[in-house]
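Take this structure first; my questions come after.
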Amino acid sequence: MAVSSAQKYSLTEGGIVRKLFSVAAPLILTQVLQMTYNLTDMFWLGQHSDSAVAASGTVGLFLWMSMAFMFFGSMGASIGVSQNFGKGDIARARTFAQNAIFLSVVIGFILSALLFLTHESLVSLFRIQEAHVERYAKDYLSMVSLSFPMTFLSSAIMGIFNGSGNSRTTMVIGGVGFMTNMILTPLLIFTAGMGVAGAGLATVVAHSVAAILAIILLKKYKRRPFSEFTFFAPVRLDVIKQIFKWVSPISIESFFFTALTMTVTFLIVEFGEAAMAATRVSSQIESLTWLIGGGFASALTAFTGQNFGAQKWGRISRGFKFSSAIMSAWGLVVSLILIFAGRFLVGLFVSDEVVELGVMNLRIFAICQIPQCLEGVAAGLFRGQGKTIPPSISSISSNVARVILAYVLVHFTDLGLAGIWIALAAGATLRGIWIFVWYALYSRKLPKSDIAPDANPAAEAAV
């Protein structure tokens, strides 16, 4: 009989710092692996040509947009499993897990078909000036779109493990996928002579391997969340409805973020291939903040969800204070890295022509690293309690503002490309401060200490 993760990985008891790090550390390591893969992928594409880097960066916007729909599986599972584990209702937690997997697979197949059939038209929307860059982008998108069903499935299963408090297994699944990708990418790009399409095929194979491993672990691993689990369970409309209620704001937020980023990309494309490559490289280096911050935010969602279910408000409050301090410190470290080590880091991936632009980008974005870290803290706490609307409101509003500001600075000042990056950094700063202050004010309405499970928590009041 498997040992239930509800017992072994419970986040409602024990030292808060130890429990938070027990979940956050594997997730952060997973994000570091993700960043390492991204940088390695970009390195090999850069060895092919700067054009390949620019093409993958452009297509990456469509891949980011798919995240808006991936959340229905991953975040739906994480919130539903964590809250019901906190309540001790393992059967209902399993029901949320099963329905989240169903949603993820259906949505993954639909998106895969749409992107594969329309990839040429989608890339043409960017009006890329260089014909060879446009060709690379189309090849890459058509190939990567085939990975979506398996990517969405593994993401939902990882959300299940995260919600149960067992993020170590998530790290194993992600790590195997990333390592497979890192090994295959140079082999398919250069040895097999597939070029940019080879990088896309490596992604398809790697995500398929990760999904198969995730299925095996959910069914057979001795530390799996549920001793018995059936993939082909009846669809529960009430559970699907609750997942949509939780995740729709997150999905809309992610979709708008990517759509607005695409709008900004249209402005960047006007400055040529070097500007596109510099933006791509700099965003990957800056992911030191948002990938690791995202890992910590995911840990907070699981931690908060379980303690919300158990109505342990004192633990949630102390988790908020600790997380705010540690993530602020990390944001400061990244800011210093971007300012003082930017030239060295950018120079690892692109030619000298692009380095100066990349350095300028990193120094501008150094100002928003601490607010971005605090945004992850507040968003994770809100989402763990099922309050997904506040992060979405602050994100969408701030991103709309920064697109408008970017347009104004490009067309009505002499800042040029720097104006776009200044607008993006200003928007990220506003977004982080806004949501952090919102949660700080909201948390004052919550109980300050743990209360009985049958009590009516004040947190159920509307935000």
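The values are calculated or read from the model by the stated rules, or taken from the named source; none is laboratory data. It should be emphasised that the depicted structure is a prediction, and the values quoted were computed from it without experimental measurement. Counting neighbours? That spans all protein chains shown, and the Cβs are built from the backbone with ideal geometry, glycine included. For the accessible areas, the whole protein counts, side chains as well, though only heavy atoms, and no ligand, DNA or RNA atoms are used. Shrake-Rupley method; radii C 1.70, N 1.55, O 1.52, S 1.80 Å.
Could you please give the count of residues in segment 343-364 that are over 13 Å from Ser283 (Cβ atoms), assigned to a helix (DSSP H, G or I), touching a residue at least 40 places away in the same chain (Cβ under 8 Å) and in contact with a Leu (Cβ under 9 Å, 6 or more places away or on another chain)?
Summing the residues that are over 13 Å from Ser283 (Cβ atoms), assigned to a helix (DSSP H, G or I), touching a residue at least 40 places away in the same chain (Cβ under 8 Å) and in contact with a Leu (Cβ under 9 Å, 6 or more places away or on another chain) in segment 343-364 gives 1.
Name the pairs: first residue in segment 138-161 and over 24 Å from Thr301 (Cα atoms), second residue part of a helix (DSSP H, G or I) and of a type in the set (Phe, Trp, Tyr), Cβ to Cβ under 8 Å, at least 6 apart or on different chains?
Partner pairs satisfying both residue conditions: Leu141/Phe62; Ser142/Phe116; Ser145/Phe116; Leu146/Phe116; Phe148/Phe109; Pro149/Phe109.
A further question follows. Taking segment 201-210 as the search range and keeping residues that are surrounded by fewer than 24 Cβ atoms within 10 Å (Cβ to Cβ) and of a type outside the set (Val, Ile, Thr), which one is farthest from Ser82 (Cα to Cα)?
So the residue we want is Leu201.
Could you list all residues from segment 310-334 that are open to solvent by 10 Å² or more (accessible area, probe 1.4 Å) and among the small types (Gly, Ala, Ser)?
Correct list: Ala310, Ser317, Ser324, Ala325, Ser328, Ala329.
In addition: Hey, any hits in segment 110-119 for a residue that's open to solvent by 60 Å² or more (accessible area, probe 1.4 Å) and at pLDDT 95 or above?
Pass one, segment 110-119, residues open to solvent by 60 Å² or more (accessible area, probe 1.4 Å): 110, 114, 116-117.
After this cut, where a residue has to be at pLDDT 95 or above as well, the list is 110.
So far as segment 110-119 goes, yes, one or more of its residues are open to solvent by 60 Å² or more (accessible area, probe 1.4 Å) and at pLDDT 95 or above.
Another one. If I filter segment 59-73 for residues that are within 18 Å of Asn166 (Cα to Cα) and either crowded, with 22+ Cβ neighbours inside 10 Å or at pLDDT below 80 (or both), do I get at least one hit? Let's see the steps before the verdict.
In the first step, residues of segment 59-73 are kept if they are within 18 Å of Asn166 (Cα to Cα); the result is 73.
From what is left, the residues that are either crowded, with 22+ Cβ neighbours inside 10 Å or at pLDDT below 80 (or both) are 73.
Within segment 59-73, one or more residues are within 18 Å of Asn166 (Cα to Cα) and either crowded, with 22+ Cβ neighbours inside 10 Å or at pLDDT below 80 (or both).
Which residue, of Ile367, Ile339, Ile404, is in a helix (DSSP H, G or I), under 22 Å from the mean Cα position of the chain (by Cα) and surrounded by fewer than 21 Cβ atoms within 10 Å (Cβ to Cβ)?
Ile367
Across segment 405-422, which residue is farthest from Ser335 (Cα to Cα) among those that are in contact (Cβ under 8 Å) with a residue 24 or more places away in the chain and not aromatic (Phe, Trp, Tyr)? First the steps, then the outcome.
If we filter segment 405-422 for residues that are in contact (Cβ under 8 Å) with a residue 24 or more places away in the chain, which is where we start, we get 406-407, 410, 416-418, 420-422.
Keeping just the survivors that are not aromatic (Phe, Trp, Tyr) gives 406, 410, 416-418, 420, 422.
Details: Ala406: 22, Val410: 25, Gly416: 23, Leu417: 21, Ala418: 18, Ile420: 19, Ile422: 15 Å.
Filtering segment 405-422 for residues that are in contact (Cβ under 8 Å) with a residue 24 or more places away in the chain and not aromatic (Phe, Trp, Tyr), the one farthest from Ser335 (Cα to Cα) comes out as Val410.
If you don't mind, another one. Only residues in segment 306-322 that are among the charged types (D, E, K, R) count as the first member; pair them with residues that are in a helix (DSSP H, G or I) and crowded, with 23+ Cβ neighbours inside 10 Å, Cβ under 6 angstrom, at least 6 apart or cross-chain, and list the lot.
Arg315/Asn307
Further question on the same structure: I'm trying to understand the selection: among the residues of segment 36-69, which are among the hydroxyl-bearing types (Ser, Thr, Tyr) and in a helix (DSSP H, G or I)?
The first filter runs over segment 36-69 and keeps only residues among the hydroxyl-bearing types (Ser, Thr, Tyr), leaving 36-37, 40, 49, 51, 56, 58, 66.
Passing the criteria: Thr36, Tyr37, Thr40, Ser51, Ser56, Thr58, Ser66.
Which residues, counting only those in segment 211-244, are aliphatic (A, V, I, L, M) and either farther than 20 Å from Asn84 by Cα or assigned to a helix (DSSP H, G or I) (or both)? Explain how you work it out, then say what you get.
Taking segment 211-244 and keeping what is aliphatic (A, V, I, L, M), we get 211-218, 233, 235, 237, 239-240, 243.
Within segment 211-244, Ala211, Ile212, Leu213, Ala214, Ile215, Ile216, Leu217, Leu218, Leu237, Val239, Ile240, Ile243 meet the criteria.
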